[in-house]
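Report on the structure given below.
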Amino acid sequence: MANFFLVGLVMGPLLFLILSGSDLNITPVSNGPMFYLAALLIGLGTSIGSGCTSGHGICGLARFSLRSLIAVLTFMFVGVLTVYFSTLMKWFIQ
Amino acid sequence: MKGLLVALLCGVIFGIGLALAGMLNPSKIIGFLNIFGLWDPSLAFVMIGGITVNAAASHCFIKKIEFKQTRFYGGYFKENVDKPLIIGSTLFGLGWGLSGLCPGPIVASLAIDPGGMSLFMIVLMFGLWSGSRIKAKIT
């Protein structure tokens with residue numbers, strides 16, 4: 001059943017493109033090694049932490065789960081810090 | 001059969017919603033996380049909307065079905081915040097902040113941008129696999 005959900009999830013944005021006739025604006029923010037390091041971290045993090053923005057953020061918070069609340073606060077905090085320091089680094093490199 | 005169709009439809013609705021809300025655009029996610037810079041709070045509404053609809057469904061319907069099937073409100077009562085939860089969420093936050101991507105939008109982008117996302121997806125799946133082994137060790 002989960003596989004059917006995933007197939008639908010892949011089809012959804014395609015349907016959106018066809019139905020709306022507009023283009024999706026996708027601007028990547030990282031590339032090369034940093035991009036794939038992020039992929040590894042997202043994979044590790046979501047399996048060790050048992051969820052992501054959808055699992056903890058939408059479903060977990062909707063169920064009033066304490067674990068999900070702690071998870072969301074943690075990854076929001078770390079995400080904000082990561083963006084802060086990476087913009088700082090980019091500014092210095094330029 | 002009916003269940004599979006419902007699952008497919010749920011995926012399609014989720015995918016259209018993500019595309020419509022701009023969640024597939026990494027620079028928009030970074031804008032949301034960039035609260036010390038040019039902050040774009042609009043994605044908070046996606047989250048609030050998603051949680052509101054889900055909370056209604058969860059507490060009106062899903063809870064009852066779950067109790068019927070398992071005799072237990074999974075995740076509603078006693079929960080322990082453990083080490084894997086904190087470590088995992090920290091690692092995920094790092095990856096999220098570096099790329100502006102999280103698992104839902106990653107899967108949803110596969111058909112839109114197969115060239116850019118296939119290798120990313122493979123690395124992510126390796127992360128998921130090794131993560132489950134690490135989790136078993138530290139639990």
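So here's what we get for this one:
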item: Filter result (over 26 Å from A:Met89 (Cβ atoms) and at pLDDT 95 or above) within region B:111-125; result: B:Met121, B:Ile122, B:Met125
item: Selection from region A:67-94 of residues that are out of contact with any Leu (no Cβ under 6 Å at 6 or more places or on another chain) and among the hydroxyl-bearing types (Ser, Thr, Tyr); result: A:Thr74, A:Tyr84, A:Ser86, A:Thr87
item: Residue match in region A:69-87 (condition: farther than 19 Å from B:Leu101 by Cβ, out of contact with any Lys or Arg (no Cβ under 7 Å at 6 or more places or on another chain), buried (at least 17 other Cβ atoms within 10 Å of the Cβ) and at pLDDT 95 or above); result: yes
item: Some residue of region A:52-64 being under 15 Å from B:Leu94 (Cβ atoms) and crowded, with 18+ Cβ neighbours inside 10 Å; result: yes
item: Qualifying residues in region B:78-110 (those that are more than 7 Å from chain A (Cβ to nearest Cβ) and farther than 14 Å from B:Met23 by Cα) - the one modelled with the lowest pLDDT; result: B:Lys78
item: Which listed residue is within 7 Å of chain B (Cβ to nearest Cβ), part of a helix (DSSP H, G or I) and within 18 Å of B:Gly115 (Cβ to Cβ), from A:Val29, A:Val10; result: A:Val10
item: Check on A:Phe64, within 24 Å of B:Gly11 (Cα to Cα) and at pLDDT below 95; result: yes
item: Search result, residues across region A:32-56 that are facing chain B (nearest Cβ under 7 Å) and more than 30 Å from B:Val81 (Cβ to Cβ); result: A:Met34, A:Phe35, A:Tyr36
item: Hits in region B:120-139 (condition: facing chain A (nearest Cβ under 7 Å) and under 20 Å from A:Pro33 (Cα atoms)); result: B:Phe120, B:Val123, B:Leu124, B:Met125, B:Phe126, B:Gly127, B:Leu128, B:Ser130, B:Gly131
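The values are calculated or read from the model by the stated rules, or taken from the named source; none is laboratory data. In this text the structure is predicted, and so the values were computed from the model without any measurement. Here the Cβ is made from the backbone with ideal geometry for all residues, glycine too, and neighbour counts use every protein chain on show.
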